[in-house]
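I have placed the structure first, in the form of structure tokens, so that the comments after it can refer back to it.
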Amino acid sequence: MLIPQLRALCKNGRAAGVMVDWCRSNKLAFAVRCGGHSYEGFSQSASVVIDTRMINSVAIDRANKTATVGAGASLGELYLAIASHGFTFPGGSCPTVGVSGHVLGGGYGYLARPFGLACDNLLSIDLIDAQGEPIRADAEQNADLFWASRGGGGGCFGVVTGYRLRLIALASVLTFNVKLSGLSVQRAAAIMNEWQAWAPRAPKSIDSNLVIAKDPHGGIVLRCAGQSIGASKELQRELRFLPSAPLTRRKYLDSITYFAGGQKGWNYPSYEMKGKSDYAASPLTDVGLSTLMNEVANGAGMYVICDSYGGAIADTAPDATAFAHRTGTLYCLQYGSTWTDPRETPTRLSEMRSAYSAMRPYVSGAAYINYCDLDLADWQNAYWGQNLARLKQIKSKFDPDNIFRHAQSIPPA
């Protein structure tokens, strides 16, 4: 774990600007930390950390259905602030994730299929540039920077200090959560085959994921969960491939708490962990499905979360924002592993890398930047694909000296 020599807790954009100017003038490397976490620790540094977690206010404009949000706010803080006004935001289901990293990397959640990714609901962004000066980007001013900020990832173009977000009036959702235990590899593969044929093509009102884990009593555990903003009859009809799918109507904030694991989910403990990701651009073959299930069943504790795409995600062209994984993307696979005993680290990392290697013939080779992974060899193309060249050009325009950088930040052209 990196311990910075200096952590600057900034209360406003002016303080962040002073820090950027000071670091640049003294040729000091620095990292930017906002509201949450980074799988690979890109928000930490052994030198200086410019920390914006104290810039965490949320102001709601009810008439225009927007929120002005400080860069240090978490998704949970945003959800709490807007829920009492009858609004929600199409962000992720983990309330401890920071708004900044989530939005800048794209931002998938259970409202993505009906309303788009978090970055699709970004209206403007305020940053401190490489000279320590404030700059705003939206559809009319600094439009290139605004484009890059919707999927380009954090720590690349400046210290973000705030966002203006589009809110959605939504009182409640229908949730479902079906757990199937003790499945054979063959049965688990068959159920996932049905899920992957259905989920990306389901009505836009429905969003779902499929979680694959090892059953401690033998075999595979599958959990299919999600929610709908549509009618219960529609959802019941669509879930007919599952043995049983009881539906529960919940207030939207209650659904966040539910999918986060209850109230404890708002205060997750810290564990050793590793994450990786893939995108499926075509259905996994029978061999691919069996490979995936066998890797989970024979491992020490790796799980895989498959998030359905399509819907409003695919309605936006791949080059309309920096987030490229849209048309033709069926779902995202997140490989994860957590453990408490440091002695397990070599085994867990080896298991993850072995499973990831085994899946190479069956997936697209693309990856989700919000599940950053230092193991990736061609990470630039994996994260940004056809949008990489334009991102490099924008980087050269706004940060030609590469002041804002980390191990997987966008390089200048």
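The values are calculated or read from the model by the stated rules, or taken from the named source; none is laboratory data. Because the structure is predicted, anything quoted here is derived from the model rather than measured. Glycine also receives a Cβ, built like all others from the backbone with ideal geometry; neighbour counts cover every protein chain displayed.
One table, with the values for the structure above:
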{"item": "Candidate set from the range 1-55 (those that are hydroxyl-bearing (Ser, Thr, Tyr) and over 25 Å from the mean Cα position of the chain (by Cα)); member that is surrounded by the fewest Cβ atoms within 10 Å (Cβ to Cβ)", "result": "25"}
{"item": "Selected residue (criterion: nearest to residue 15 (Cα to Cα)) from residues of the range 77-91 that are in contact with a helix residue (DSSP H, G or I) (Cβ under 6 Å, 6 or more places away or on another chain) and of a type in the set (Gly, Ala, Ser)", "result": "91"}
{"item": "Matching residues in the range 1-28 - criterion: being among the aliphatic types (A, V, I, L, M) and at pLDDT 95 or above", "result": "6, 8, 9, 15, 16, 18, 19, 20, 28"}
{"item": "Total residues in the range 95-116, condition touching a Leu at 6+ places or on another chain (Cβ under 7 Å) and surrounded by fewer than 24 Cβ atoms within 10 Å (Cβ to Cβ)", "result": "2"}
{"item": "Matching option when the condition is assigned by TED's automatic domain parsing to the domain that holds residue 359, surrounded by fewer than 22 Cβ atoms within 10 Å (Cβ to Cβ) and touching a Pro at 6+ places or on another chain (Cβ under 9 Å), among 233, 251, 204", "result": "204"}
{"item": "Search result, residues across the range 262-289 that are surrounded by fewer than 18 Cβ atoms within 10 Å (Cβ to Cβ), in contact with a helix residue (DSSP H, G or I) (Cβ under 9 Å, 6 or more places away or on another chain) and in a helix (DSSP H, G or I)", "result": "263, 265, 266, 286, 287"}
{"item": "Residue within the range 192-201 that is of a type in the set (Lys, Arg), assigned by TED's automatic domain parsing to the domain that holds residue 307 and surrounded by fewer than 16 Cβ atoms within 10 Å (Cβ to Cβ) present", "result": "yes"}
{"item": "Hits in the range 306-319 - residues which are more than 30 Å from residue 188 (Cβ to Cβ) and either surrounded by 19 or more Cβ atoms within 10 Å (Cβ to Cβ) or touching a residue at least 40 places away in the same chain (Cβ under 8 Å) (or both)", "result": "315, 316, 318, 319"}
{"item": "Single match in 167, 174 (criterion: hydrophobic (A, V, I, L, M, F, W, C), closer than 20 Å to residue 312 by Cβ and under 22 Å from the mean Cα position of the chain (by Cα))", "result": "167"}
{"item": "Flag for residue 390 being surrounded by 16 or more Cβ atoms within 10 Å (Cβ to Cβ), under 30 Å from residue 132 (Cα atoms), in the same structural domain as residue 101 (by TED's automatic domain parsing) and modelled with pLDDT of 95 or more", "result": "yes"}
